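Written out below as C-alpha cells is the structure these notes cover.
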Amino acid sequence: MNRRDFVITPAAALAGNLFAAESDTPWQRRIRRLGQTNMTEHDPVALDVEQWADYWASLKVDATMVSVTGILAFYQTKVPFHRKGKHLGSRDFFGDCCAAAKKRGIRVIARMSPDLNWEDAVQAHPDWFQRNAQGEPVRHGEDARLFRTCMFSTYMTDYVTAIMREVNSMYDIDGLFTNAWPPLGSMPVCHCDQCRRLPASGTPSYWEKFNERTVYLWKLYDSIAKEKRRANFYFANLGGGIRSTADLVQLGELCEWFQSDNQGRGGDDTPIWTCALQGRVCNAVQKGKMANNVTGAWSTGSPRWRNVYKSEAEERMWFNETLASGMVPYHHIIGGEYGMGADRRWLEPARKYFEWTAKHDAHFTTKRSIANIGVVMGQRTHLFYKPPRGAQIAQYMDGLYYALLEGRFLFDFVHEDKLATEELSKYSALLLPNTALLSDRQCAQLAAYVNAGGSLLATFETSLYNERNEKRSEFGLADVFGIRKAGDPIGTTGNAYLARIERSHPVLSGFSNTRWIPGAENRLPVAPVDNPVLSVVPGFVAYPPELSYPVEPKTDEPAVVVRERGGSRLIYFPGDVERTMWKSGHTDLARLLRNSIGWVAGGNQPVTVQGEGVIETFAWETQAGFAVHVLNYTNPAMHRGWIRDFYAIGPQQVAMRMPKGRKVKRVELLMAEADAPFRTEGDTVRFTIPRVLDYEVAALYAD
Ligand SMILES: [Zn+2]
C-alpha cells in the first residue's frame, strides 16, 4: 500500500490498522479476521453490494474473497471458455464488490476455481480434461454439465493464468487464490495422455510427481500475483488435517497464507477438536506465518445445506479452536439471496464474536507455542499406509489425542520431515502413534534425539515401513527401543488379548486389585525382553463362556517394552493401544496411555491446568506477554456433531513456569472480562479461572 492508496481510502484506518501501520511485517501476517460470502451465479442480481460490504466491515475483517472464478465469470472477461454467469448481463459484479470492499479498507483476494469447466471447452480443448479408464471426459458428480479438468494439462498453465493476468490488469486486488486446487483429501485419478505417462495415482511415486507439479504451478501463480504488486501473492486451500494431499512441508515453506479448508463437522463421528488439530498441523509446518481456518456457518456434514445456518454453538466452538490453536478466524457464508442471504441467523453471532476478538488482538497474536511434548504427525503414513483388518488410519491419532486431552498435556505436532535436532530441542518427549512410514534418515534423526536425552513413545507398526511404504524386515527403530520383530500382526477373534501385570511401574499407576488389563485389538509379536512390565495373554473366544478363559495364562511375549537409557525414557507398545482405546472407549487403556505419556514426558510440564472436565489447552507467548487457552469440550456432542448447548466447568487452577527474565504484571480473563488475582512463587505464576462455559483465555501481561 503506498501513500496515494492510503489517502484515497481513509476508512482504512478504522479497519484493523493493516494499512496505517508502518511495519516491516508483511500485511498478511497482520491479518486478524477474515470473511467471505461465497458468491453464486445468482448474486449479480440477488446480492446488495453495499450491504455486503457494510456487513464485512462491521466484522472488522482485514480481507475478503471475491469470486472471479473460472467456472463462471463474475466480470466482463475476454478469456475464451470463461463462461459468464447467466445473471451477470453487462455488469461488472467483481469490480463493484472489489471497489465497495476497498472503500471500507478491506483487502480483496481474487478467488478462482480451476477444477471444472463446460462442454464447449471439452469440445475445443479435449486435452484439458480428466479422462476415465475408458478415455471419456470425467463429469462432475453433482452437476453433470461440468467436467473435471486435469492439473497436469495446459488448462492450468494457459487458461488459469490468462484469467489471473486479466484480473490483475483490471482490478486493484491484493492476491490470487484458487479453490479446489490443489485437491484435498485424495490425489486425482486421471487416464488422459499426460497422466498415463505418470506412475499409478495414490502411490508414493505418483505423489512425487503430484508435488512437483503442485510446487511448479504454485510458484507460477505466485509470480503472476507479483506482476501486479510485489506485496501480492498466490495461495490455495490446504486443509485436511494430517491427511493432506499435498506435501505440507514443501508448501508450508512456500505459502505465505495457510488457508485451512476445514469448515466443520456434522452428520458423522468426528471429534470436536478437529479444528484445533488443524491448527496444530499449521504450526508444525509454518512456524509463525499466517494461518487461518475457514469456518462454514452453513451446515457442513452429511447431508449438507449450503445455504442454512448450522448450530450456533458448534460454529462458536470452531471459532474458539481456531483462536486457541493460533489461527485467524474466517466466517464463511454462501450466497446473497434477498440482498444478504435468506437465512440471516448466521450474520449476528459472528459479528459479536469478531467484535470480541478485535478488543484482544495482541493476545491472539502468537509468537511461539509453549509445550514440551511433540506428537509426530506422519503425513506419508496417513496417505499410503494400509492398517490391518479394516482399521481406519485416523483412529491412531484420535486415540492418542484423546489421551493427551484427558491427561491435560500441552503438546505440539511435529511433521516427520522436521525431525532435525534443532527442531526438537524444546521437546522432552516425542510420541509416535503408529507412525508406520519413516525413512532411514528419519529413524536416524529419532535415534540422535534419544542420544541427546530425548524420550520416545511409539506404538504398533511404527518404523516398520520406509518412506515409500516398503515393509522392512525389522523395525527402523529396533535398536532405539531394544525390540525385535517376532511375527506378523495378530488380530482378534472373540476376546482381544490381555496384558498380564508382571511388576510395578509408574505406567501402571492406579491399577490395583487386578492381575491383568486389556490388551489391544491388533498386536505385532516382539521378542522377549528382560524384566517385562506387561506380558501378553493370547486372545481366546468370547463365546461360549465355557471356553472364555486363557488356555495359555502366561507367555514371555511383552505387551509393552519400557526402557531407560541415560536421561531418555522409552516406551514401545506392540499393540495398537491408542486405536483400541478410541474404538472401545476402555478406561484402563486410557489410564495406561495417560500414565505412559506422563512418564516419558518426565512430569515437568511448563503449564498445568487442574480441575474437572475434558478440556484442550494451548499456551502461547504472545505480542502482549503470554496466553493460556482453555477449551471446554465437556459435552455430550464431544464425539459426534453438533454441539447443542454448553455445560460450564468449575474452577481451573493454572500454574505456569515463566521463562527467565519475564515477570507477569496482570492476568486478564478475556471471556469473563475480569482480572484474575495471581501469585508468583519462584518462577511459577499461579491463578484460578473460576468458570469456563465454552472457552476462556487467560491473558498474561508480562514485562
Ligand atoms: Zn490427466
- Message: Between a residue in the stretch 171-196 that is in the same structural domain as Tyr75 (by TED's automatic domain parsing) and any residue that is charged (D, E, K, R) and within 8 Å of the ligand (Cβ to nearest atom), which pairs come within a Cβ distance under 8 Å, given they are 6 or more apart or on different chains?
- Response: Cys190/Arg131; His191/Arg131; Cys192/Arg131; Cys195/Arg131
- Message: It is to be established whether one or more residues within the stretch 248-266 are within 16 Å of the ligand (Cβ to nearest atom) and either out of contact with any strand residue (DSSP E or B) (no Cβ under 9 Å at 6 or more places or on another chain) or hydrophobic (A, V, I, L, M, F, W, C) (or both).
- Response: no
- Could you identify the single residue in Asn595, Asn635 that is assigned to a helix (DSSP H, G or I) and either touching a His at 6+ places or on another chain (Cβ under 7 Å) or crowded, with 17+ Cβ neighbours inside 10 Å (or both)? Asn595
- Out of (1) modelled with pLDDT under 95; (2) farther than 27 Å from Thr40 by Cα, the odd one out for Gly341 is which? (2)
- Mind checking which pairs have a first residue in the stretch 441-468 that is more than 26 Å from Ala520 (Cβ to Cβ) and a second that is assigned to a helix (DSSP H, G or I) and among the hydroxyl-bearing types (Ser, Thr, Tyr), Cβ under 7 Å, 6 or more apart or different chains? Ala448/Thr421; Ala452/Thr421
- Kindly state which strands (runs of 3 or more DSSP E) lie completely within the stretch 357-460 and contain at least 3 residues that are more than 26 Å from Thr245 (Cα to Cα) and in contact with a Leu (Cβ under 7 Å, 6 or more places away or on another chain). 455-459
- Being outside any helix (DSSP H, G or I), in the same structural domain as Asp261 (by TED's automatic domain parsing), away from the ligand (no atom under 16 Å from the Cβ) and basic (Lys, Arg), is that true of even one residue in the stretch 65-79? yes
- Restricting the search to the stretch 649-671, which residues are more than 15 Å from Ile615 (Cβ to Cβ) and not in a strand (DSSP E or B)? Met658, Pro659, Lys660, Gly661, Arg662, Lys663, Leu670
- Query: Considering only residues of the stretch 325-343 that are touching a helix residue (DSSP H, G or I) at 6+ places or on another chain (Cβ under 9 Å) and small (Gly, Ala, Ser), which is surrounded by the fewest Cβ atoms within 10 Å (Cβ to Cβ)?
  - Reply: Gly339
- Output the qualifying pairs, or none if there are none: Cβ atoms under 8 angstrom, residues six or more apart or on different chains, first residue in the stretch 631-645 and without any contact (Cβ under 8 Å) to a residue 24 or more places away in the chain, second residue surrounded by 15 or more Cβ atoms within 10 Å (Cβ to Cβ). Thr634/Gly613; Thr634/Val614; Thr634/Ile615; Thr634/Ile649
- Message: Are there strands (runs of 3 or more DSSP E) fully within the stretch 255-315 with at least 2 residues that are more than 23 Å from Tyr221 (Cα to Cα)? List them.
- Response: 290-296, 305-309
- Message: Going by what's in this entry, would Asp588 be described as assigned to a loop (DSSP other than H, G, I, E, B) and not assigned by TED's automatic domain parsing to the domain that holds Gly296?
- Response: no
- Per the filter on the stretch 135-161, residues exposed (fewer than 12 other Cβ atoms within 10 Å of the Cβ) and without any contact (Cβ under 8 Å) to a residue 12 or more places away in the chain are Gly141, Glu142, Asp143, Ala144
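The values are calculated or read from the model by the stated rules, or taken from the named source; none is laboratory data. In this text the structure is predicted, and so the values were computed from the model without any measurement. Reconstructed Cβ throughout: ideal geometry from the backbone, glycine too, with neighbour counts over all protein chains shown.
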